Structures are given as C-alpha cells and as structure tokens.
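The block underneath contains the structure these notes are about, expressed in structure tokens.
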Amino acid sequence: MNTRTESEELLKEYVENESLRHHCFMVAEAMEHYALLQGKEAEEVEEWWTAGLLHDLDWEKFPDEHPHKAINEILPSYDYPENVLLAIKAHAPERTGKEPESEIERYLFACDELSGFMHAVSLMRPNGFEGMKVKSVKKKLKTLKFAESIPREDIRKGAELIGKSLEDHIHTLIDVFSPK
Ligand SMILES: [Fe+2]
Ligand SMILES: [Fe+2]
C-alpha cells in the first residue's frame, strides 16, 4: 500500500481547502487510535488511518460525485486495498447504498461526523479540545441550531455501530484530539 506521505500528497492534490484537509487529518487520527485500541497489526493500522485521511478526497472538486469519483476513478489508479475503498464507500450510505458492515467501515462511519462536530465545538472554546467535557459536547448536540448541517442521527448511529455509548465515543475522541 501507499505510504502516509504518498497519501498526504494525494490529499493535497485534490483538497485545497484548509479546513477540509484538517477534517481529513482528524478522522485519520481517530481511526488510527481505534485501530490500535482494537489491537490491529501495523498494516491494518495503516489502512484505518488511510481510510480516514482519504474519505473526503473528492468532496471539494467533485461534490456531486462524492465519494464515487474517488472510489471508482481516483483511488483505483493508486495501490489502495479494497477494504479502504469499501470503507470510503460506506461512509456515505445515502449516496452509495453501501451500509457500513466490516469493522473498518463501521469505525469510519462513527468517526467522521462526530470528529467534524467536535471540531466545531472546539472552535467555540478558548483552549480548543483542552479540558473539553463530554457533557458540553452532548449539550451542543441537543442544540440543533449549532453546527446544524451535521446530522445528529448519523452521530448516534455511529456510536451504535461500534458498540459504544455515545459518551464513551466522545470521551475517546476528546482524548485523541487533546494536545499531548
Ligand atoms: Fe464524506
Ligand atoms: Fe468527512
């Protein structure tokens, strides 16, 4: 499979928007953390990280074709394993008809919208993720006007898909995104 540097180069080629790039790196970080927690071997850890990094590869340039353009045209010309492509396909079931089933697919689905939401929460705080509380993230989730484009239902479904309470999932991601 491609190295991290190669995947990062590919991302830079297709995504110019800084905040979308940042989102991709956040999801990659969350995926890597969960892969390690699940005791995955090094190669699989790389696949989880890569699926996170590239899941929105075509969003900026081909919004109407997302994620089909990436999985059918862009990624196949590089050396990416099938399970990475399937995970990317399953992060947008409403567009692809592919529901998240395998572990990598379920975790990607679970990390995507919640990472985006928590990033929005972090921007409202003077110290970002530092000292963020699960309770305040949950409160923001109930405030439908806040980050209103992020579907709450997908966040709940994600936690369910990885067999965690929403509180645990948020707690884990606060740890992942807090400054080390
Ligand atoms: Fe997406
Ligand atoms: Fe995303």
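Each value in this text was obtained by applying a stated rule to the coordinates, not by laboratory testing. Just so it is clear, the structure is predicted and the values come from calculations on it, not from any experiment. Cβ: placed from backbone, ideal geometry, glycine included. Neighbour counts: every protein chain shown.
Annotations for the structure displayed:
- Separation of alpha-carbon centers, the range 1-50 and the range 54-113, rounded to whole Å: 13
- Within-11-Å neighbourhood charge of residue 160 [Cβ basis; K, R +1; D, E -1]: +2
- Overall, the chain carries a charge dipole of about 1280 debye about its Cα centre when +1 sits on the Cβ of Lys and Arg and -1 on the Cβ of Asp and Glu, all other atoms neutral.
- Its relative contact order, with pairs defined as Cα atoms under 8 Å and 6+ residues apart, puts the chain at 20 percent.
- Environment charge at residue 72 (Cβ cut-off 11 Å; Lys +1, Arg +1, Asp -1, Glu -1): -1
- Summed over qualifying helices (DSSP H, 4 residues or more, each -39500 (n - 2.57)) and divided by its residue number, the chain shows a 222 nm mean residue ellipticity of -19000 deg cm²/dmol.
- Net charge over other residues, Cβ less than 10 angstrom from the Cβ of residue 28 (K, R count +1; D, E count -1): -2
- For the chain, convex hull of alpha carbons as volume per residue, Å³: 116
- Here residue 13 and residue 38 are evaluated by their C-beta separation; at R0 = 22 Å the FRET efficiency comes out at 0.10.
- Loop-located GluC sites (Glu not before Pro) in the range 77-180 (DSSP state other than H, G, I, E, B) with a sparse environment of at most 15 neighbouring Cβ atoms within 10 Å: 101, 130, 148.
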